[in-house]
Amino acid sequence: MTGYGRAEQTINDKTFIIEVKSLNGKQFDLRMMTPSILKQFEIDIRNLINTELERGSVECFINIKSNGSAKPIVLNTELLKAYFNSVSEVATELKTSTDNLLAAILKLPDVVTNNTESLTEDEWQQLQELFKVALENLNKHRLNEGASIEKDLLFRVDEIEKLEDQIKLIEPQRREKIREGFIKVLEDNVGKDNYDTNRLEQELIYYIEKIDISEEQVRLKNHIAYFKEILQGKEKSKGKKLSFILQEFGREINTTGSKANNATIQKLVVLMKDELEKMKEQILNVL
């Protein structure tokens, strides 16, 4: 599910700004940008986010602003000399000016660094609480989206149920048309008085049993009731379970279509499949 959360707090001489964004995803996939001062806590931060968000493509950005006096820097003179000597030799060979060489070398990695800093235990504890605030704000976005998704899913499952009810009304007519069709074929090809009516009834019973869709109708009704129960239940993570139930929807609807032998029922099955596909797309957004 998509969401965005932000939290900001000043802790001692540092201001921490945390931004977390999530997009739909089947697994938990985290991309995190943290300052060097937090490198030692990256695993803890990852576990904290994973626990709260469970899954999705997540981006986390942490920015730290220093509010106190400027921090002293460390100049790696040995590395600077090595860079300078090596580059000077190449510049001499190429007969290139070295006027701005020192300024360029000062920009190279690890030549100039800030003094090593680390968070105190108290600062780390407060930072964890700040993370929880950011993640709580993100989950509020998710809850709003979830309410909208739930409304849409309930609407579509009700549509499938209505279409199933229409099929139930057509079913007796379908059986009668099949019977009439058999009799007409026999009368046209054998003659009205030249076939065994008892044998015909036996064959009709056998054939109608083969294409009977009452079991599919009952199972689909049960799946619909179970889907609604899970969707409106208190369970926290239900996306995978709902997805499995929709797979069962598909089996019953497809079997109904293959057995139908009726144009009207086939049209209703197509409409049911359309609603089912829309539900499957929405389920991808459910935790």
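The values are calculated or read from the model by the stated rules, or taken from the named source; none is laboratory data. Please read these numbers as outputs of a predicted model, since none were measured by experiment. Glycine also receives a Cβ, built like all others from the backbone with ideal geometry; neighbour counts cover every protein chain displayed.
Scanning segment 231-249 for residues that are surrounded by 15 or more Cβ atoms within 10 Å (Cβ to Cβ) and either among the β-branched types (V, I, T) or over 15 Å from the mean Cα position of the chain (by Cα) (or both) turns up L231, I245, L246, E248, F249. Under the condition of being in a strand (DSSP E or B) and among the small types (G, A, S), the residues counted in segment 20-67 number 4.
Screening F244 with (1) modelled with pLDDT of 90 or more; (2) over 30 Å from F28 (Cβ atoms) gives one miss only, at (2).
All conditions but one from (1) over 30 Å from N12 (Cβ atoms); (2) surrounded by 13 or more Cβ atoms within 10 Å (Cβ to Cβ); (3) modelled with pLDDT of 85 or more apply to C60; the one that does not is (1).
Screening T10 with (1) modelled with pLDDT of 85 or more; (2) buried (at least 17 other Cβ atoms within 10 Å of the Cβ); (3) more than 31 Å from the chain's Cα centre (by Cα) gives one miss only, at (2). Scanning segment 247-287 for residues that are small (G, A, S) and touching a residue at least 60 places away in the same chain (Cβ under 8 Å) yields a single hit, A260. Could you please find all residues in segment 229-268 being under 20 Å from S148 (Cβ atoms) and either outside any helix (DSSP H, G or I) or outside the structural domain of S214 (by TED's automatic domain parsing) (or both)? The answer is Q232, G233, K234, E235, K236, S237, K238.
Given the condition in contact (Cβ under 8 Å) with a residue 40 or more places away in the chain and closer than 30 Å to L246 by Cβ, answer yes or no: does some residue in segment 110-128 qualify? Checked against the condition, which is being in contact (Cβ under 8 Å) with a residue 40 or more places away in the chain and closer than 30 Å to L246 by Cβ, segment 110-128 yields no hits at all.
Across segment 236-287, the number of residues qualifying as more than 20 Å from E159 (Cα to Cα), in contact with an Asp or Glu (Cβ under 8 Å, 6 or more places away or on another chain) and among the polar types (S, T, N, Q) comes to 2.
Residues in segment 73-91: is at least one of a type in the set (D, E) and assigned to a strand (DSSP E or B)?
Taking every residue of segment 73-91 in turn, none turns out to be of a type in the set (D, E) and assigned to a strand (DSSP E or B).
Kindly check whether there is at least one residue in segment 32-50 that is surrounded by 17 or more Cβ atoms within 10 Å (Cβ to Cβ), within 30 Å of K280 (Cβ to Cβ) and modelled with pLDDT under 90. Taking every residue of segment 32-50 in turn, none turns out to be surrounded by 17 or more Cβ atoms within 10 Å (Cβ to Cβ), within 30 Å of K280 (Cβ to Cβ) and modelled with pLDDT under 90.
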